[in-house]
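Peer 1: After the structure tokens below, expect a handful of questions from me.
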Amino acid sequence: MNVNRQKKRFRPSLFAESLESRQLLASSQVAATVAPITIKAAALSPPPVASVAVVRVGNPALSYYETMVPGQRALGYDLTRSGKSISTNVPVLGVDLPAGGTLQLQVLTGLTYWNGRGLPNFTPVTGNTELNLNVSGQNLRIGANSTKTFSPYNDYIRLPIDIGISGGLPVSRDMIASIGKGGYLDSFQQAGAPDGLYAFTGLWTDKNTTGIRDSDPVAFVFRAGNVAERAVQAALDRFTSTATRPVAAVDVVPQVVKPEFLGSTFLRFNVEFSDPVTVSGRPPQLPVTINGVTRYAQIEKNSPALNTTRLSFVYTPTAAERTATNIVLGSSLQLTSAGSVKSPGGTAAILSLPSQFVSRISVGPLLDYQVISGNITRNTTLKAGTRYIIDGEVHVAKNVTLTIEDGVKIGIRNGRRAVTNLLDASSLVFDSGSKLVVGTTTRPGTAYFSAIDLNNREVPYADNGGVFFCGTYRSGARQGITVDLAKTRGLKSSFSAAALVFSYCGRTDPLGRNGDKFGGDDMDPVSIIGMGPTEWKIASVESRFAGNNGFDVTNSSFTLTSLVVSTPIEDGVNVTSSNVTITKNLSVEMSLHQANDRELFDLEADDGRATVIINQLAFVNLQGYMGGQYDEVSITSPDLPPMAKTRQYYQFKGYLTKGPARFWTRVD
């Protein structure tokens, strides 16, 4: 593919000149680190950077003040063989995101295919072909119906994959796209696909920051096999032309409207589209579930429905519904076969709705939730579609299995609590001999943990006890939670999941004290105690904005596929007398803040040496300070730069090509 021609032709037009210069400079720096793709002698350029920037283009009337602007509306890549996989590298760059913001790609459509002959005609793929996206250990499969949702909605949902968290610097990541059939995550049973062009549409969002509108849709096109260059360019033209490019809802603004004179208070939902749309035939409806009952908001009478970027939907609550505290919008506008929403050029609009809204009505929208305040003493399943809230110190008892269906979100209540057992914070504690299964044993899934306030809302503030995992391998203790081998005979713990994701979990040390000193405490998002190699079967852990250390291990020995820690209040990875091996991905990003006890690694040798090993060929991203008053760390690695003798910001991003890396501390 002639990447240079494509980049020149689709140069971003909405950037201010100074912003564009900064972005292109940063893009060139990122591209320089990417190995070139080789297909033909004429295609030696690195793949184009999928860039996006936050620009001060807003509409205060709609409660957003900035907009995410993509560098290009369509990008093309060549799938090539790399070992056993057919894949390509997609460099991603996010510019000017607020510190703490999370750049996310939301997939809007299923995977489509065109054989490259005649005019572009993309239709859903057949034969179970899927495209997998991999970013820092996360995987997202896209197939013909991956984003299709069924009753009661009839369009598409949005599948997210996180790119990275901003520490005030540009977010730079590599997304690996691979194609094939069968298998699981990034391992296909049969790699490759028939010759042709494969495409999906997504958009960029900052899921942790309010007041920023989602980006316009971006199409990703992948060439497999022998397809003419002119066909590639025709596909890119189709996805960028104002007449045929994808159109999607990019914002939803709920409002409570109180008529000035006569009439009842009603709800209005303004749905913003990336391009003008026209409603024909029977108009769409917006599902609104109030206290568990689904209602339908209708297009507002006399509001524009022809060549407009905004469709307004209204619903008048009943008297009983006006005091509702549980309101959730549907994932998509509902449209019957007798109606359509299309661009002026006839392109059907993508009717799925943003998963997060720039502004919220005073009573919602909220998800259905169930509070868990007592210990779990019998086998229990947390069901998809319900949000669960841990309110108090909740233990999963020995010989009890807690099953969490894939995608379930679990909130942990913020705030100090009276000590009813061991802790003064809400937390989920897996006792020695307990079991966790996320998804199923044959198809592991992902569970999400986040901070919840007294009104059952997610909040960007960590003040809770996180989650404790107790094994039966070695004795140990953390914050009063103990593993005592004298009491665990005949027991064995078992914890399995594809991934656990923690956001704003843990608790900051009181009065700003150092957690290693007397009077401090160490409440972390995830605390692992006495864990053995056969007990821990959780592949990936991601810890965002931890209230204390990002990831804590005590007296344990186990393996992880991926560990991602982003911007914790204190240390990134805290390991005490344990051996932790990471096979594919380690990313620890700290902010530039130079407070004490804020290092990449805190390795302690209370009951023996602490060691973290990253296998050869793994990807490593380290951004932060190394070493300190309480953090004695040694590095053995042919790839990583040595530590400075003075406290300096340590940076490395790349693959361990020469050998494994070992972080360790001597036994005093």
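Peer 1: May I ask you to list the residues in the stretch 186-198 that are over 11 Å from VAL125 (Cα atoms) and in a loop (DSSP other than H, G, I, E, B)?
Peer 2: Answer for the stretch 186-198, where residues must be over 11 Å from VAL125 (Cα atoms) and in a loop (DSSP other than H, G, I, E, B): ASP186, PHE188, GLN189, GLY192, ASP195.
Peer 1: Quick one: is ASN132 outside any loop (DSSP other than H, G, I, E, B), surrounded by fewer than 22 Cβ atoms within 10 Å (Cβ to Cβ), touching a residue at least 12 places away in the same chain (Cβ under 8 Å) and of a type in the set (S, T, N, Q)?
Peer 2: The answer is no for ASN132.
Peer 1: Counting just the residues of the stretch 189-211 that are under 17 Å from the mean Cα position of the chain (by Cα) and surrounded by fewer than 24 Cβ atoms within 10 Å (Cβ to Cβ), which one comes out farthest from LEU103 (Cα to Cα)?
Peer 2: The extreme case among them is THR210.
Peer 1: Which number in (1) modelled with pLDDT of 95 or more; (2) of a type outside the set (Val, Ile, Thr); (3) out of contact with any Gly (no Cβ under 7 Å at 6 or more places or on another chain); (4) over 19 Å from GLU393 (Cβ atoms) marks the one condition that PHE468 misses?
Peer 2: The failed condition is (4).
Peer 1: Given the conditions (1) in contact with a Leu (Cβ under 8 Å, 6 or more places away or on another chain); (2) hydrophobic (A, V, I, L, M, F, W, C); (3) surrounded by fewer than 15 Cβ atoms within 10 Å (Cβ to Cβ), which single one is not true for ALA320?
Peer 2: (1)
Peer 1: Could I ask something else about it? So for the stretch 153-163 (the condition being over 15 Å from the mean Cα position of the chain (by Cα), modelled with pLDDT of 95 or more and buried (at least 22 other Cβ atoms within 10 Å of the Cβ)), does at least one residue qualify?
Peer 2: No.
Peer 1: Restricting to the stretch 356-376, what's the tally of residues that are at pLDDT 70 or above and open to solvent by 30 Å² or more (accessible area, probe 1.4 Å)?
Peer 2: Result for the stretch 356-376: 6.
Peer 1: Here's a follow-up. If the requirement is being open to solvent by 10 Å² or more (accessible area, probe 1.4 Å), of a type in the set (Gly, Ala, Ser) and touching a residue at least 24 places away in the same chain (Cβ under 8 Å), which of these qualifies: ALA224, ALA243, ALA249?
Peer 2: Of ALA224, ALA243, ALA249, the one residue that is open to solvent by 10 Å² or more (accessible area, probe 1.4 Å), of a type in the set (Gly, Ala, Ser) and touching a residue at least 24 places away in the same chain (Cβ under 8 Å) is ALA243.
Peer 1: Further question: From the list THR201, THR242, THR205, exactly one residue is of a type in the set (Ser, Thr, Tyr) and part of a loop (DSSP other than H, G, I, E, B). Which is it?
Peer 2: Going through THR201, THR242, THR205 in turn, just one is of a type in the set (Ser, Thr, Tyr) and part of a loop (DSSP other than H, G, I, E, B): THR242.
Peer 1: Taking only the stretch 365-416 into account, find how many residues are in contact with a Cys (Cβ under 7 Å, 6 or more places away or on another chain) and of a type in the set (Asp, Glu).
Peer 2: Looking only at that region, the number is 0.
Peer 1: Can you work out which of the residues in the stretch 38-72 that are among the charged types (D, E, K, R) and either open to solvent by less than 10 Å² (accessible area, probe 1.4 Å) or more than 22 Å from the chain's Cα centre (by Cα) (or both) is modelled with the lowest pLDDT?
Peer 2: Per the stated criteria, the residue is LYS40.
Peer 1: Do we have ARG117 as part of a strand (DSSP E or B) and either among the basic types (Lys, Arg) or under 22 Å from ALA191 (Cα atoms) (or both) here?
Peer 2: Answer is no for this residue.
The rows are residues; the columns are (1) out of contact with any His (no Cβ under 8 Å at 6 or more places or on another chain); (2) open to solvent by less than 60 Å² (accessible area, probe 1.4 Å); (3) within 23 Å of ILE350 (Cβ to Cβ).
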{"residue": "THR265", "(1), (2), (3)": "yes, yes, no"}
{"residue": "VAL271", "(1), (2), (3)": "yes, yes, yes"}
{"residue": "GLN285", "(1), (2), (3)": "yes, yes, yes"}
{"residue": "ASN291", "(1), (2), (3)": "yes, no, no"}
{"residue": "TYR296", "(1), (2), (3)": "yes, no, yes"}
{"residue": "LYS301", "(1), (2), (3)": "yes, no, no"}
{"residue": "LEU306", "(1), (2), (3)": "yes, no, yes"}
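Peer 1: Here's a follow-up. Scan the stretch 300-332 residue by residue and report those that are within 21 Å of ILE157 (Cα to Cα) and at pLDDT 90 or above.
Peer 2: Once the filter is applied, which keeps residues that are within 21 Å of ILE157 (Cα to Cα) and at pLDDT 90 or above, the stretch 300-332 yields THR309, ARG310, LEU311, SER312, PHE313.
Peer 1: From (1) closer than 26 Å to PHE619 by Cβ; (2) open to solvent by 60 Å² or more (accessible area, probe 1.4 Å); (3) hydrophobic (A, V, I, L, M, F, W, C), pick out the condition that doesn't hold for LEU119.
Peer 2: Condition (1) is where LEU119 drops out.
Peer 1: Based on what the data block shows, is SER87 open to solvent by less than 40 Å² (accessible area, probe 1.4 Å) and outside any loop (DSSP other than H, G, I, E, B)?
Peer 2: It is true that SER87 is open to solvent by less than 40 Å² (accessible area, probe 1.4 Å) and outside any loop (DSSP other than H, G, I, E, B).
Peer 1: For the stretch 506-545, which residues satisfy the criterion of being more than 23 Å from the chain's Cα centre (by Cα), among the polar types (S, T, N, Q) and either at pLDDT below 95 or buried (at least 24 other Cβ atoms within 10 Å of the Cβ) (or both)?
Peer 2: If the condition is that a residue be more than 23 Å from the chain's Cα centre (by Cα), among the polar types (S, T, N, Q) and either at pLDDT below 95 or buried (at least 24 other Cβ atoms within 10 Å of the Cβ) (or both), then THR508, ASN514 are the ones that fit.
Peer 1: Okay, moving on. Of the residues that make up the stretch 377-385, is at least one outside any strand (DSSP E or B) and either in contact with a helix residue (DSSP H, G or I) (Cβ under 6 Å, 6 or more places away or on another chain) or open to solvent by less than 40 Å² (accessible area, probe 1.4 Å) (or both)?
Peer 2: no
Listed here are the residues, each with its yes/no results for (1) in a strand (DSSP E or B); (2) acidic (Asp, Glu).
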position	(1), (2)
SER264	no, no
ARG268	yes, no
GLU272	yes, yes
VAL277	yes, no
THR294	yes, no
ALA297	yes, no
SER303	no, no
LEU306	no, no
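Peer 1: Just to be sure before I move on: is SER566 of a type in the set (S, T, N, Q), crowded, with 20+ Cβ neighbours inside 10 Å and at pLDDT below 90 in the structure I sent?
Peer 2: In short, yes.
Peer 1: Restricting to the stretch 409-452, and then to whatever is open to solvent by 40 Å² or more (accessible area, probe 1.4 Å) and closer than 17 Å to ASN208 by Cα, can you tell me which residue is modelled with the highest pLDDT?
Peer 2: Here the answer is TYR448.
The values are calculated or read from the model by the stated rules, or taken from the named source; none is laboratory data. Here the structure is a predicted model, which is why all the values come from computation and not from measurement. FYI the Cβ positions are ideal-geometry reconstructions off the backbone, even for glycines, and counts take in every protein chain you see. When the accessible area is computed, the model is the full protein with side chains, heavy atoms only, and any ligands, DNA or RNA have been set aside. Shrake-Rupley method; radii C 1.70, N 1.55, O 1.52, S 1.80 Å.
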